[in-house]
Amino acid sequence: MFVTIMSYTIREAKRSDVPAILRLVQELAEYEKEPEAVEVSVQQMQEDGFGSSPKFHCFVAESESGIIGMALVYPRYSTWKGTVLHLEDLIVTEQERGSGAGTALLNAVVKYGSSLGVKRISWEVLDWNDPAIDFYESKGARVMRDWDVVQLDEEGIKNYMDKL
């Protein structure tokens, strides 16, 4: 799937794109005030996304200067709806925000989800990230402010298991 828009192209990511994708993930972590939170390696992402049993699908926005954005998705299952698609991250490098790359990446995700016949595409956004919330709402997404994200991190899982 290729879409050329202005000065960048949206395409499916390749294994060789992973270092640039991981740089974008790190940039997002810094923006979200968690620069030390990224633990995944290039090798792990390459295997997880481009190995024999891919765990995710990724699109990139590429300009003459290289990869300027990415959108990473994976399938989930809703007991209420059926098959859904989860958008883990949609990132456009700071200097390219407002260029239309974010819209083009979201368009690619929605087209991909539609081609899979999913019942919903869902993702999270930090409640203080007003530019992202405004962007998503302008595209028709519903920000559900009455839901809280619940997680058990690696240490939480270990502690839970120790109590079993």
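If the condition is being among the small types (G, A, S) and in a strand (DSSP E or B), then the stretch 56-96 contributes A61, S63, G66, G69, A71, S78, G82.
Of all the numbered requirements in (1) surrounded by fewer than 19 Cβ atoms within 10 Å (Cβ to Cβ); (2) in contact (Cβ under 8 Å) with a residue 24 or more places away in the chain, L24 misses one, and that requirement is (1). Within the stretch 115-140, the set of residues being surrounded by 11 or more Cβ atoms within 10 Å (Cβ to Cβ) and either hydroxyl-bearing (S, T, Y) or farther than 17 Å from G100 by Cα (or both) comprises L116, V118, K119, R120, I121, S122, W123, E124, V125, L126, N129, Y136. Yes or no: the stretch 132-151 includes at least one residue that is among the aliphatic types (A, V, I, L, M) and closer than 20 Å to E12 by Cα. No, there is no match, as no residue in the stretch 132-151 is among the aliphatic types (A, V, I, L, M) and closer than 20 Å to E12 by Cα.
Candidates in the stretch 54-65 are the residues that are at pLDDT 95 or above and either surrounded by 14 or more Cβ atoms within 10 Å (Cβ to Cβ) or among the small types (G, A, S) (or both); of these, the one that is farthest from the chain's Cα centre (by Cα) is E62. When restricted to residues that are at pLDDT 95 or above and closer than 22 Å to G113 by Cα, the stretch 1-16 contains 7.
Filtered by the rule that a residue be assigned to a helix (DSSP H, G or I) and surrounded by 10 or more Cβ atoms within 10 Å (Cβ to Cβ), the stretch 150-164 gives G156, I157, K158, N159, Y160. What are the residues in the stretch 114-149 that are assigned to a loop (DSSP other than H, G, I, E, B), among the aliphatic types (A, V, I, L, M), without any contact (Cβ under 8 Å) to a residue 24 or more places away in the chain and under 25 Å from E30 (Cβ atoms), if any? V125, A141, V143, listed by residue number.
Inside the stretch 113-139, can you point out the residues that are within 21 Å of W80 (Cα to Cα) and out of contact with any helix residue (DSSP H, G or I) (no Cβ under 7 Å at 6 or more places or on another chain)? Hits for the stretch 113-139 are G113, S114, S115, L116, G117, V118, K119, R120, S122, W123, E124. Scanning the stretch 97-111 for residues being of a type outside the set (V, I, T), surrounded by 17 or more Cβ atoms within 10 Å (Cβ to Cβ) and part of a helix (DSSP H, G or I) gives a total of 7. Could you list all residues from the stretch 17-50 that are at pLDDT below 95 and touching a Leu at 6+ places or on another chain (Cβ under 7 Å)? The one that is at pLDDT below 95 and touching a Leu at 6+ places or on another chain (Cβ under 7 Å): E32.
The values are calculated or read from the model by the stated rules, or taken from the named source; none is laboratory data. Bear in mind the structure is a predicted one, so any value in this text is a computation, not a measurement. We place every Cβ from the backbone using ideal geometry, glycine too, and count neighbours over all the protein chains shown.
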